[in-house]
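For reference, the structure discussed in these notes is given below.
The values are calculated or read from the model by the stated rules, or taken from the named source; none is laboratory data. Computed from a predicted structure; not experimentally measured. Cβ atoms come from the backbone with ideal geometry, glycine included; neighbour counts cover every protein chain shown. In case anyone asks, the SASA skips ligands and DNA or RNA and just uses the protein heavy atoms, side chains included. Shrake-Rupley method; radii C 1.70, N 1.55, O 1.52, S 1.80 Å.
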Amino acid sequence: MSTRSALSGPALRMGGLVLALVLLCVVGIATTDGRFASIGNITTILSLAATIGVVSIGMTFVITGGGIDLSVGSVLGLATVWASTLSTQYMAEDYGWWVIVLTALVVGLCAGLVNGALVAYGRVPAFIATLAMLAAARGLAEIIAGRRTQIVDVDPFLDVFRGDLLGLPMIVWIFVVVAAAGWFLLNRTTFGRRTIAVGGNPEAARLAGIKIKRHTLYLYGLTGLTAGIGAVMMLARTTAGSSTHGTLYELDAIAAVVVGGTLLAGGRGTITGTVLGVLIFATLTNVFVLNNLDSSVQAIAKGAIIVAAVLLQQWFASRERATST
Amino acid sequence: MSTRSALSGPALRMGGLVLALVLLCVVGIATTDGRFASIGNITTILSLAATIGVVSIGMTFVITGGGIDLSVGSVLGLATVWASTLSTQYMAEDYGWWVIVLTALVVGLCAGLVNGALVAYGRVPAFIATLAMLAAARGLAEIIAGRRTQIVDVDPFLDVFRGDLLGLPMIVWIFVVVAAAGWFLLNRTTFGRRTIAVGGNPEAARLAGIKIKRHTLYLYGLTGLTAGIGAVMMLARTTAGSSTHGTLYELDAIAAVVVGGTLLAGGRGTITGTVLGVLIFATLTNVFVLNNLDSSVQAIAKGAIIVAAVLLQQWFASRERATST
Amino acid sequence: GCTSNEPRETEDTATGPVTVTENDEPGDEVVIGFSAPAADHGWMGAITSAAQAEADKYEDVTLQVAEGTNDVNVQISQVEGFINEGVDAIVLLPFDGAALTEVALEAMEAGIPVINVDREFTSPFAARTTVLGDNYGMGVSAGTYICERLGDNPDAVVAEIAGIDSLPLTQDRSDGFKDALDDCGLDVDARVAADFTVEGGEEQTANLLSAEPQIDAIWNHDDDQGVGVLAAIENAGRDEFFMVGGAGSINMMEEIQSGESVVEATVIYPSTQAADGVKLARLIAQNKTVGDLASIGVPRTVQLHAPVVTADNVEEYLSVGFES
Amino acid sequence: MVDVDPEPTEQPAPQPLLRMRGIVKEFPGARALDGVDLEVRPGEVHCLLGQNGAGKSTLIKILAGAHQPTAGEVLLDEAPVTIPDPVAALRLGIATIYQELDVVDGLTVAENIYLGHELARGGVTRRSDAARRTREVMQRLGHPEISPHREVGRLPAAGKQIVQLARALSREARVVVMDEPSAVLDSEEVGNLHRIVRELTAEGVAVVYISHRLEEIRQLGDRITVLKDGRTVATGLPVADTPTKELIRLMTGRSVEYAFPDRPGVPEDAAPVLDVEGLGLGAVFEDVSLTVRAGEIVGLAGLVGSGRSEILETIYGARRATSGSVRVGGKRLRAGVDVAVAAGMGLCPEERKSQGLLLDEPVYRNITLSTFARLGRGGLLDEGAERAAAREQVEALDLRPASVDRDARTLSGGNQQKALLARWLVHGCRVLLLDEPTRGVDVGARAEIYGLIRRLADAGTAVLVVSSEIPEVLGLADRVLVISDGRAVHEGPADEIDEHAVLDLVMEGSVA
Ligand SMILES: Nc1ncnc2c1ncn2[C@@H]1O[C@H](COP(=O)(O)OP(=O)(O)OP(=O)(O)O)[C@@H](O)[C@H]1O
Ligand SMILES: Nc1ncnc2c1ncn2[C@@H]1O[C@H](COP(=O)(O)OP(=O)(O)OP(=O)(O)O)[C@@H](O)[C@H]1O
Ligand SMILES: [Mg+2]
Ligand SMILES: [Mg+2]
């Protein structure tokens, strides 16, 4: 009995999300006479989900670990700017596209580690530390970019990351790989278990001998790194670096994570849920545009649908409780 | 010993904030040869702080009660729009300026109650419910306003709310009154004490006979109401209603509340801290402008100063711990 | 076909051809307060940079630049600050013209001339001089161009990629566009709003292209987000339509110049408006008059021209394009 | 005295004040109660006994309106009542002290006591009234030193328990339910508590009293109801006529030797494993020196609030010592829990919920919280090995229910305590620090835990135990340190000192 509820619990909870996604697709198919279900459109949805998806995977970790990172969007912007400066591009021309990638990843990682150090060792509340980083990274990006959009001209980079692989865009593959790695990391490794422990009861984790400060540092570093990966994807997709890239991604990512079923208070996280959450939001926007909905109406509908999806999940969860007795 | 620590604890914690504010003022005075310390400039700072200040008071309650409200900014915008439609203004011409005020307050209150109902009775996570409201209220505001800025032309309204009283602008007085009322409500009434209980230990609160769902509903209603009051102040200050009013106020308000010392996790809140937090941010902006700082540099400096203020507070708190043990 | 972002040697080309008049002789020292929305995109960034560059040319001008902000409340307090300080003139590009009107009036009443840029106040008394772009006219120009190209085909699919929908200026542009299309029997078949950002441009355009398998023309309000729009078009491998831009960035002009791009035209929305504002503010504060006009004093309103840039005349306008 | 019952007190069966009949409670995946009957008379102390997980807390939560029964009825004055929520229970005159410390840390003592029924006029709290009355209640509870304005979060566990007690008293109830109120109290406090209970019953209030300390039941109780596996196995047993052996048999279904294991004695040449020298922590305690040799159990006795928990936590590196040193196996430890754990130390903390458990994680993950990395390989988890290790301990400790996959939250209090012990048993320690290891643990399991601690010691572990039950410290340990006001006032072999002597030392120490 207990194994049954252990198995069916998460499955049913995911069930609510899957149902929400399926309903959205049904609406999409019903209202757009074939334009929704085309391969091209599905690819569009996946491509749009990819960047925010990667960032959301990182966010899942930091939230599961009891924190929050409001700076992901602006760190992503900063990383795109830094990785597309003229000097980076010249170096990339000389040494290879990996220079750009490395720059973006290192910028993301470093910003994340600064966040982590402030939260873990400076005991600055995560909300404040990362809000400060949000402001600072955006400012720094503006200074570096001189408020220009920096266009990426390094063909090897564009060839690799704007290309297709087995019919899917490269950035979709990156999302798939990051999501799979994230799932594995959270569910199958000691790092993941520590994350859950630190988020669930930091004092208990500490007294059990887990180095919670160092782990917290790693968590923010990881999230920063995903923002760096997101920056690479953004550079590929828009062929430009800009300090405005990633604006409000923090809210989108947190929304996807929480709608997916990760506890905002920490201690429980689900990568599958996050992926579903991201797909739901991307599909929603797509269906709206396919129906040529006015942007104000879109906003209202989006609000209503988010709430409906969560209520649906609630309902599934209560059914789960009912069936397991 | 216990009384000493009880007295000096909060006082010292406030001490950090007061010191931060004083340091800011000293910097202001030192760098602007007299322009900072003028009465006119102080009034400017207070007027700037007033609207976000009122919203932050509401936010203090909802956060202390264990929740969060991301929709305050957009509800404020919606309330300004609704309270400045032509029909509202006609009615105000006929019946009096209170029609505008009432409309704004009712809109704010209702939006807050919807948030509260979703969170308390629908068990939708507060972050998601209010994020949905953020989107929906903004969309609705755009539709009502037809994406135009609506000008307020009702002279009695403008006379009352744009006027001065004892040398201070009316909206500053509103802030003072709301802050005082908020302090009283949180510290001297059953409502306030129950808010702390609901946020600090909901299970204990429930077992003590507090109706936590209803209380949660009230908390969001209260925050919505402060957004409504903020809308009146915004209308007075700008003489216009617009769906863009209040954009990103949620972040500003949460930042002020958390910098002030209210626990983001709930269970501990301070109105005095929130007021100081709001004043710090407003003064910061003012000092930056007076010093003619580049706006990108401002963003970086802002991030650094927020972190510094919190670290200062940490340091004070650790001194407090040291003295009280 | 990506454009390069090699640095231009002459930074000040962005402010256009310089006509030296005796007005440029140093006069009384003036302090000019400047406030504009957040420089969160290229055009707005260019506005501020151009204003600063213009001010730097005059040794008698000190420009006080307030932090760019999209919060009218903060912007009001910035103007209040300028009044407190007693600056000699204020150049104000309000986030929302209506919301800043009252405080501008206060400044005027305090004897400080206000030069209103781009987004108009609701009271004629709130500004000494208004320098206007022409948002409605921009829409009309774009619509007219599309009408000329597609006028004979009433079934043509026209798409519009707007900026931030909640801004009145977006509404003005859309209205102008719609009115112009109406005149030739066309309408807007698909419309998205892309937030004035590269990323928004990419995202919204990707969806738009999915939604409309066959498009004849696109008007994109803003050349900044145009970088993203073009990326999305390229991602989707589409080229059956032509596109008209907006604002006039160098990128887009180079696209037009190349002749291989879907971008055929762009409608100029001068990023030098605030620089004009600074120049006029200086003249007003120094009590000088505008040259080349017979009348005395600085005019009340200056509305800037919003021409369409095409392959035919792009050479001419490259110099006034801004770096997005 | 308030009792206006006209009937003589000798009357064999006065009308019961409260009666619960056929109570059934089902939780997802568990039937906690399966037909329980309870009958409580006015003015009596009715004891509720049962093993960990027998359903005692569940029963009283139903009475308090915190849970809804699946079946069964509650009668008050022989009239059926429904108790949909805690407010209803309070309105009916049923006040409850819960097993878990359900106080609000951010509120003051007075505010906690009057939470939910604030002394207020028009919503405005009457703070001076509340403070005055709180001072009175605290006086009555023997704790005049606890200020009404003190923030409860700054009180130690025992202080929080006192606040809960005060809260129940402030309700002016007809039935006061106490779920293991003495678990966190020391013997002096327990005496105080008993005095209060007697005052209450003298006023005709009925007290339902849950405890695992049988001697306490014997001192205080009038009648006993015994629960086993969610069923009533005996009801209304008069305390005076029921031998302890019989009670234990009823509870456990077998007879348990309720005694401490033999002390084989520590060989003279046993190497010191834990060596603490001149340890101090600000003003909390100072100059604590002690040595624990391999195979030795050292007990720390003392009153609540004397600083014993802090001593353990400081040795463990969870608090940063202001002076002194800690050595394990001769090697000086840097501060930090991870360092201590790596050196082979383990701590079972005092407050299992807030300091010990991941409540929403399965039992096995709680048990392997300090070992999952070791059980896995190369950073990968091996949940199979974790489950196996956990299952082994669950069986050895008789943890109920025996499933390792249910969430820790759903375990009864005593079983949560066992899960915590199991963590360090899986880990294996050179030095084991135990803070109140038998708090809330039933008699049967208690004996098992004593045996287990002794076996660990015999296997060469150095054990340091804190317990508020002096007999437990004296019975279990080889050597005791008596702590008073943050100082060690006595050190010596456990069999050379008795409970009275310890109490005398403590009193002297705190007077001095
Ligand atoms: N919320 C819950 N969900 C599932 N099972 C529960 C829940 N609460 C309690 N139980 C189960 O009900 C049974 C009775 O628990 P209860 O807490 O009443 O025991 P108890 O007699 O108070 O034990 P202890 O002496 O250890 O406190 C236990 O098996 C417990 O696991
Ligand atoms: N967070 C705190 N802030 C201030 N004082 C505290 C705090 N925690 C404990 N104290 C004080 O430290 C002293 C020691 O408390 P401690 O809990 O260690 O006692 P103890 O002997 O372990 O008692 P118990 O048996 O209840 O665990 C007490 O005077 C207590 O009031
Ligand atoms: Mg119990
Ligand atoms: Mg203790």
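Here are a few things to note about the model shown:
- Answer residue from the range B:216-238, given it is over 12 Å from the mean Cα position of the chain (by Cα), away from every other protein chain (no Cβ under 11 Å) and open to solvent by 10 Å² or more (accessible area, probe 1.4 Å) and is farthest from B:ARG193 (Cα to Cα) among those: B:LEU217
- Residue check, B:ARG162 over 14 Å from B:ALA236 (Cβ atoms), at pLDDT below 90 and surrounded by fewer than 21 Cβ atoms within 10 Å (Cβ to Cβ): no
- The residue that is nearest to the other protein chains (Cβ to nearest Cβ), among those in the range A:306-316 that are surrounded by 23 or more Cβ atoms within 10 Å (Cβ to Cβ) and over 19 Å from A:LEU48 (Cα atoms), is A:VAL310.
- Cβ pairs under 7 Å, 6+ apart, first in the range A:275-298 and within 11 Å of chain C (Cβ to nearest Cβ) and crowded, with 22+ Cβ neighbours inside 10 Å, second of a type in the set (Gly, Ala, Ser) and not in a helix (DSSP H, G or I): A:SER295/C:ALA193
- Residue satisfying all of: in the range C:181-214; charged (D, E, K, R) and within 25 Å of A:ASP33 (Cβ to Cβ); farthest from the other protein chains (Cβ to nearest Cβ) among these: C:ASP187
- Filter pass, D:LEU434 being without any contact (Cβ under 8 Å) to a residue 40 or more places away in the chain and either within 16 Å of ligand 2 (Cβ to nearest atom) or over 21 Å from D:PRO267 (Cβ atoms) (or both): no
- Listed by position, the helices (runs of 4 or more DSSP H) enclosed by the range D:147-247 that each have at least 1 residues that are within 16 Å of ligand 1 (Cβ to nearest atom) are D:157-170, D:214-220.
- Residue count, the range D:410-419 (criterion: away from ligand 4 (no atom under 16 Å from the Cβ), open to solvent by less than 30 Å² (accessible area, probe 1.4 Å) and assigned to a helix (DSSP H, G or I)): 6
- Where A:ALA253 falls short, out of the listed (1) surrounded by fewer than 22 Cβ atoms within 10 Å (Cβ to Cβ); (2) more than 8 Å from every other protein chain (Cβ to nearest Cβ); (3) part of a helix (DSSP H, G or I): (1)
- With respect to the stated conditions, C:ILE215 fails to be in contact (Cβ under 8 Å) with a residue 12 or more places away in the chain and outside any loop (DSSP other than H, G, I, E, B).
- Residue match in the range B:233-255 (condition: touching a strand residue (DSSP E or B) at 6+ places or on another chain (Cβ under 8 Å) and β-branched (Val, Ile, Thr)): yes
- Taking the listed residues D:PRO261, D:PRO238, D:PRO267, the one that is out of contact with any helix residue (DSSP H, G or I) (no Cβ under 9 Å at 6 or more places or on another chain), open to solvent by less than 70 Å² (accessible area, probe 1.4 Å) and not assigned by TED's automatic domain parsing to the domain that holds D:ALA318 is D:PRO238, with no other qualifying.
- Filter result (away from chain B (no Cβ under 11 Å), closer than 23 Å to A:VAL81 by Cβ and open to solvent by less than 20 Å² (accessible area, probe 1.4 Å)) within the range A:112-145: A:GLY112, A:GLY116
- For the range D:139-164, a residue qualifies if it is on the phi < 0 side of the Ramachandran plot, surrounded by 15 or more Cβ atoms within 10 Å (Cβ to Cβ) and more than 13 Å from every other protein chain (Cβ to nearest Cβ), and the qualifying residues are D:ARG140, D:LEU141, D:ALA157, D:ALA158, D:GLN161, D:ILE162.
- Residue check, C:ILE233 in a helix (DSSP H, G or I) and more than 7 Å from chain A (Cβ to nearest Cβ): yes
- Residue selected from the range D:201-219 under the condition hydrophobic (A, V, I, L, M, F, W, C) and at pLDDT 90 or above, by the criterion surrounded by the fewest Cβ atoms within 10 Å (Cβ to Cβ): D:ALA202
- Criterion: buried (at least 24 other Cβ atoms within 10 Å of the Cβ), within 14 Å of chain A (Cβ to nearest Cβ) and either under 21 Å from D:ARG249 (Cα atoms) or away from ligand 3 (no atom under 16 Å from the Cβ) (or both) - qualifying residue of D:ALA462, D:ALA422: D:ALA422
- Lone qualifier among D:ARG446, D:ARG479, D:ARG455 - being within 29 Å of D:LYS228 (Cβ to Cβ), open to solvent by 40 Å² or more (accessible area, probe 1.4 Å) and more than 16 Å from ligand 4 (Cβ to nearest atom): D:ARG455
- Taking the numbered list (1) within 14 Å of chain A (Cβ to nearest Cβ); (2) more than 16 Å from ligand 4 (Cβ to nearest atom); (3) modelled with pLDDT under 90 in turn, D:ARG263 passes all entries but (1).
- Extreme residue, farthest from ligand 2 (Cβ to nearest atom), among residues of the range D:168-191 that are in contact with a Leu (Cβ under 7 Å, 6 or more places away or on another chain) and within 14 Å of another protein chain (Cβ to nearest Cβ): D:ARG171
- Reported count of residues in the range D:227-245, each being touching a residue at least 24 places away in the same chain (Cβ under 8 Å) and out of contact with any strand residue (DSSP E or B) (no Cβ under 8 Å at 6 or more places or on another chain), is 1.
- Exclusive hit being open to solvent by 70 Å² or more (accessible area, probe 1.4 Å) and either without any contact (Cβ under 8 Å) to a residue 60 or more places away in the chain or at positive phi (or both), set D:GLU118, D:GLU136, D:GLU73, D:GLU111: D:GLU136
- Test result for D:ARG365, within 13 Å of chain A (Cβ to nearest Cβ) and either over 30 Å from A:THR190 (Cβ atoms) or in a loop (DSSP other than H, G, I, E, B) (or both): no
- Only a single criterion out of (1) within 11 Å of ligand 1 (Cβ to nearest atom); (2) open to solvent by 10 Å² or more (accessible area, probe 1.4 Å); (3) touching a residue at least 60 places away in the same chain (Cβ under 8 Å) is not satisfied by D:ASP407, namely (3).
- Every residue from the range D:273-327 that is touching a helix residue (DSSP H, G or I) at 6+ places or on another chain (Cβ under 7 Å), open to solvent by less than 10 Å² (accessible area, probe 1.4 Å) and within 16 Å of ligand 2 (Cβ to nearest atom): D:VAL276, D:LEU279, D:PHE285, D:VAL288, D:GLY299, D:LEU300, D:ALA301, D:GLY302, D:TYR316
- Taking the range D:114-146 as the range and being among the charged types (D, E, K, R) and outside any helix (DSSP H, G or I) as the test, the residues that pass are D:GLU118, D:ARG121, D:ARG126, D:GLU145.
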